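The values are calculated or read from the model by the stated rules, or taken from the named source; none is laboratory data. All of these numbers come straight from a predicted model, not from anything done at the bench. Positions of Cβ are generated from backbone atoms using ideal geometry, with glycine treated the same way; all protein chains shown enter the neighbour counts. Calculation scope for accessible area: heavy atoms of the full protein, side chains included, ligands and nucleic acids excluded. Shrake-Rupley method; radii C 1.70, N 1.55, O 1.52, S 1.80 Å.
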Amino acid sequence: MEVFEAIAQPKRREILRLLAGGELSAGDVASRFFVTQPAISQHLRVLKDVGLVNERRAGTRRLYSVRPEGLDELHSFLADVLPSRLEALKRAAEREERESRGRDN
């Protein structure tokens, strides 16, 4: 499963946002959602498998944190896509402004 597929699920995006605040156990994550612990564990496993989160053991607990380098693929994609869209938006706004000035004269 790819990064894009993993974050397509809203619950997983919520989990990433939560983990962005710091390392949490699976139980801590689950306590913030109205779903079962096994469901959260499955989401965490998917996020871990695609490299978006780290997992470390502390005794019997599994602690999860965001793995920033796991977002490189997403970041690269957005860097490629957004500038062209922003540039197109800028050109459209400038064109509209020129046309507006032309009507005002």
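Could you pull out the residue among 57, 62 that is in a strand (DSSP E or B) and in contact with a strand residue (DSSP E or B) (Cβ under 7 Å, 6 or more places away or on another chain)?
Exactly one residue qualifies, and that residue is 62.
Would you mind telling me which numbered condition in (1) at pLDDT below 95; (2) open to solvent by 80 Å² or more (accessible area, probe 1.4 Å) residue 48 fails?
Status for residue 48: all satisfied but (1).
Check residue 17 against each of (1) under 13 Å from the mean Cα position of the chain (by Cα); (2) not in a helix (DSSP H, G or I) and name the one condition it does not meet.
Condition (2) is where residue 17 drops out.
Quick one: would you say residue 32 is among the charged types (D, E, K, R) and more than 20 Å from the chain's Cα centre (by Cα)?
It is false that residue 32 is among the charged types (D, E, K, R) and more than 20 Å from the chain's Cα centre (by Cα).
Every residue in region 36-54 that is outside any helix (DSSP H, G or I) and either within 17 Å of residue 22 (Cβ to Cβ) or of a type in the set (A, V, I, L, M, F, W, C) (or both), please.
50, 52, 53, 54
Rundown of residues vs (1) among the aliphatic types (A, V, I, L, M); (2) farther than 20 Å from residue 12 by Cα, yes/no style:
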| residue | (1), (2) |
| --- | --- |
| 57 | no, yes |
| 60 | no, yes |
| 74 | yes, no |
| 78 | yes, no |
| 85 | no, yes |
| 89 | yes, yes |
